[in-house]
Amino acid sequence: MSLKIALIGCGMIGREHIERIQNRIRGAQVVAVCDVFEEGAKKGAEIAGTGTKVYTDFHEAINDPEVNAVVVTTPGAFHKEPVIAAIQAGKPVFSEKPLANTAADCKEIVDAEMAGGKHLVQVGFMRRYDRGYRQVKELLDSGKFGAPMVIKCTHRADGVAPDYTTAMAVTDTAIHEIDVLPWLVNDEWDEVQCIMPKTSCKAHEGLKDPQVMIMKTKGGIVNILEVNVNCGFGYDINCEVVCENGVVNLPCPSFPTVRYANNVSTKIEDNWILRFIDSYDVEIQDWVDHAVKGETGGSSAWDGYVASITADALVKSQTSGTFEKVVTGGTPDFYKK
Ligand code: ISE
């Protein structure tokens, strides 16, 4: 069987995934695209190739009898409805991150999936597919370095659009560390705090940037994360895990080291699409490979829900300034691995 996909939401990441699926992914093809803006859907169809069906109503796209799988790449606030429609149609669905913008919306998705009794949802947290993070995980899981105790991360971006808000530093940016770190060290978040250092003169009016997030796991690991989205020197992701017997660092993307004009230098990647481009390919291929067998891989709807609960706690701490508890109520049996 091969996947015949309806892709919902033809913005930037949607168009990226259409191009990826049509050209680099085995066992899947985008047969229908949908966007509330017909122009957007038509642009998506152009990338997908002749014969691609164009929809402006996601229900029609998802319920098209030729379609047997769904990719949701609308803005986060509009993920819930198409994801639930796909679940109700019994079709595997890949939702870009975050699963939804609020924990309440994520919970509705989790409830719909459990009610259907079938694992159908995978969330697009692509860092779990990054080669570097996978290498770090393998080393940590070997046990050779002892237990992880401290994690130090940076999530820096060159700059952000004028509509980027203080809360988005958590919900859009730190959400990646929120998902990937518990997976990396096999633990769960317990409490989180966000503190605001001096604001950069490059941050636009009203935006608090940088932010420092301190996140403790149930097992006692402390993570210190610097989110700094106006650094002005590239997209710079670092992660250092301090263990009892050693320290493991996430590898940086490899670029030549240049000796020139009394300097030794190496490039920093320009943006997140380029930094994680390979991870996206591996991620979508893995989703397809699982979906054809009626399975899911990567982050589940439950993982997406927990990430959203954690994000809410961090956003709360942006104003309270204190530690906020991450309360999930425990993993339902349906989602236990
Ligand atoms: C984007 O979706 C990402 O995936 C990036 O890693 C993150 O830095 C950015 O803030 C998000 O918008």
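Run the 1.4 Å probe and let me know the accessible area of I221, rounded to the nearest 10 Å².
10
Place a +1 charge on the Cβ of each Lys and Arg in the stretch 26-82 and a -1 charge on the Cβ of each Asp and Glu, then give the dipole magnitude about the Cα centre in debye, rounded to the nearest 20.
In total the dipole reaches around 260 debye.
Restricting to DSSP H runs of at least four residues, report the calculated mean residue ellipticity at 222 nm for the chain, -39500 (n - 2.57) per run over all residues, nearest 500 deg cm²/dmol.
It comes out at -10500 deg cm²/dmol, rounded to the nearest 500.
Which cross-chain or sequence-distant (5 or more) residues have an amide H under 5 Å from the amide H of A69, H modelled 1.01 Å from N in plane?
Residues meeting the criterion, in which the H sits 1.01 Å from N, are K4, A6.
Filter the cross-link list K53/K336; K42/K91; K152/K293 down to pairs whose alpha-carbon distance in this structure exceeds 28 Å.
K53/K336; K152/K293
Give a residue-ordered list of calculated ³J(HN,Hα) values for the stretch 309-314 (Karplus: 6.51 cos²θ - 1.76 cosθ + 1.60, θ = phi - 60°; whole Hz; x for Gly, Pro).
Rounded to whole hertz, the list is 4, 5, 4, 4, 5, 5.
When only the heavy atoms of the protein chains count and the probe is 1.4 Å, how do I87, I277 rank by accessible area, highest first?
So the residues, ranked largest to smallest area, are I277, I87.
So, R0 is 25 Å and r is the distance between the beta-carbons of A77 and F334; what FRET efficiency does that work out to, to 0.05?
0.45
Could you tell me what percent of the accessible area of the stretch 215-314 is made up of carbon and sulfur, with a 1.4 Å probe and every protein chain present?
Here it works out to 51 percent.
At a probe radius of 1.4 Å, what is the per-residue accessible area of C252, in Å² to the nearest 10?
That residue has around 80 Å² of solvent-accessible surface.
Taking the stretch 269-337, which chymotrypsin sites (Phe, Trp or Tyr not before Pro) meet the DSSP loop condition and have no more than 13 other C-beta atoms within 10 Å?
Here no loop site has a sparse enough neighbourhood.
Stretched out fully, how many nm does the piece from S320 to W183 gain, at 0.36 nm a residue minus the Cα gap?
Net length gain for the segment: 46.6 nm.
Which entries of K137/K337; K216/K337; K202/K325; K107/K202 show an alpha-carbon separation above 29 angstrom in the structure shown?
In this structure, K202/K325; K107/K202 exceed 29 Å between Cα atoms.
Looking only at P253, P148, P98, which one moves most when the chain is put into a Gaussian network model with springs between Cα atoms under 10 Å?
P253
Which is the longest run of the chain containing none of the GluC sites (Glu not before Pro) found in DSSP loop states (not H, G, I, E, B) with at most 16 other C-beta atoms within 10 Å?
My reading of the result: 67-187 is the longest stretch.
log10 I(q)/I(0), Debye, Cα-only the chain, no solvent, q = 0.10, 0.12, 0.14 Å⁻¹?
The computed values of log10 I(q)/I(0) come out as -0.61, -0.88, -1.18.
Suppose we take every Cα in the stretch 102-152 and form the convex hull; what volume per residue is that in Å³?
Spelled out: Cα convex hull of the stretch 102-152, divided by residues, is 152 Å³.
Please give the length that would be gained between V258 and D270 if that part of the chain were fully extended, namely 0.36 nm times their separation in residues minus their C-alpha to C-alpha distance (nm, one decimal).
Contour length minus Cα-Cα distance gives 2.6 nm.
Using the Karplus curve 6.51 cos²θ - 1.76 cosθ + 1.60 with θ = phi - 60°, what ³J(HN,Hα) values do you get for each residue of the stretch 136-143, in whole Hz, with x for Gly and Pro?
4, 4, 4, 5, 5, 5, 5, x
What part of the accessible area of the stretch 1-107, given as a whole %, is carbon or sulfur when the probe is 1.4 angstrom?
Of all accessible area on the stretch 1-107, carbon and sulfur atoms account for 53 percent.
Which FRET efficiency value, to the nearest 0.05, do you get for K198 and I277 by plugging their Cβ-Cβ distance into 1/(1 + (r/R0)^6) with R0 = 41 Å?
Efficiency for this residue pair is about 0.75.
Quick one: net charge of L99's neighbours, Cβ under 12 Å, K/R +1, D/E -1?
The answer is -3.
Per residue, how much accessible area does the chain show when a 1.4 Å probe rolls over the protein heavy atoms, in square angstrom?
Dividing the accessible area of the chain by its residue count gives 45 Å².
In Å and on Cα atoms, what radius of gyration and Dmax does the stretch 1-130 show?
Rg then Dmax for the stretch 1-130, in Å: 13.5, 39.
If I build a Gaussian network model for the chain, linking alpha-carbon pairs within less than 10 angstrom, which residue out of N23, N262, N245 has the largest mean-square fluctuation?
Result for the chain, Cα springs under 10 Å: N262 fluctuates most.
Where in the stretch 250-331 are there trypsin sites (Lys or Arg not before Pro) that are in a DSSP coil and have at most 15 other Cβ atoms within 10 angstrom of their Cβ?
In loop regions of the stretch 250-331 (DSSP not H, G, I, E or B), the sparsely surrounded trypsin sites (Lys or Arg not before Pro) are K267, K293.
The values are calculated or read from the model by the stated rules, or taken from the named source; none is laboratory data. Being a predicted model, the structure only gives us computed values, none of them experimental. Glycine gets a Cβ as well: all are built from the backbone with ideal geometry, and neighbour counts include every protein chain shown. Calculation scope for accessible area: heavy atoms of the full protein, side chains included, ligands and nucleic acids excluded. Shrake-Rupley method; radii C 1.70, N 1.55, O 1.52, S 1.80 Å.
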